[in-house]
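Just so it is clear, none of the values below were taken in a lab; they were calculated from the coordinates. Keep in mind it's a predicted model, so treat the numbers as computed, not measured.
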Amino acid sequence: MDQHRAITLISEKIKLIRTEHDYTQDRMAEILGISKKTLVQIEKGRTTANWTTVVAVCGLFNHSEVLLSLLGDDPVEFIKLVAFQNDEAPKAKTMGGTVWWKEITRGDTYRLQQNVISNHYRILDDENYRRYSTFNKEDAEKRLDELKNQGS
């Protein structure tokens, strides 16, 4: 997934996120650092949010049920994945994939999982730290092999 697709997805849900938190348009615009006019245009689908606004939505509303159900993962981790585009972001502790994840491959030290909502892949170590994330299965499998070989 690229930034354009992420912007489109999240822009389409900003009104739901605002109403989920019971904010007025004035208050939501203030929180996001945009004008009310811009927020109205986004909510009506006449324009999309910019990347900075999308990052702000994911960071400020990372516990939003709307975002969690849309992305199937922590919104902050999702936005990092899109921003870094397969570069290795800092490791983050996860819950191990008990919700929204199916296991693709499991080894002694690492496991490859796929998110059932966004379809992105991640590699977790045996302590449930995210070691790699990508939308490309082949890249994930290649990185998994690399990690396995480092441990040999």
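Report the relative contact order of the stretch 3-84, percent, no decimals, based on alpha-carbon pairs under 8 angstrom and at least 6 residues apart. Provide the component values of the computation, followed by the final result.
Working: 76 pairs, mean separation 27.7, N = 82.
Relative contact order, the stretch 3-84: 34 percent.
Cα gyration tensor of the stretch 3-84, axes a ≥ b ≥ c as square roots of the eigenvalues: rounded (a/c below 1.5), prolate (a/b > b/c) or oblate? Provide the component values of the computation, followed by the final result.
On the way: a/c = 1.73, a/b = 1.36, b/c = 1.27.
Since a/c reaches 1.5 and a/b is larger than b/c, the shape of the stretch 3-84 is classed as prolate.
For Kirkwood radius over Cα pairs in Å, one of (i) 17.4; (ii) 15.4; (iii) 16.4 was computed from the structure I shared and the rest are decoys. Which label?
(iii)
Report the number of Lys pairs in the stretch 1-144 whose alpha-carbons are under 23 Å apart, with separation of 8 or more residues or on distinct chains.
For the stretch 1-144, qualifying lysine pairs total 22.
Percent relative contact order of the stretch 39-152, based on C-alpha pairs within less than 8 angstrom and at least six residues apart? Present the calculation step by step, with values, prior to reporting the outcome.
Values: 151 pairs, mean separation 20.4, N = 114.
Taking the mean separation of contacting Cα pairs over the length of the stretch 39-152, I get 18 percent.
Does anyone have the angle between helix 51-60 and the longest principal axis of the chain? Alpha-carbon axes, 0 to 90°, nearest 10?
Around 80 degrees separate the two axes.
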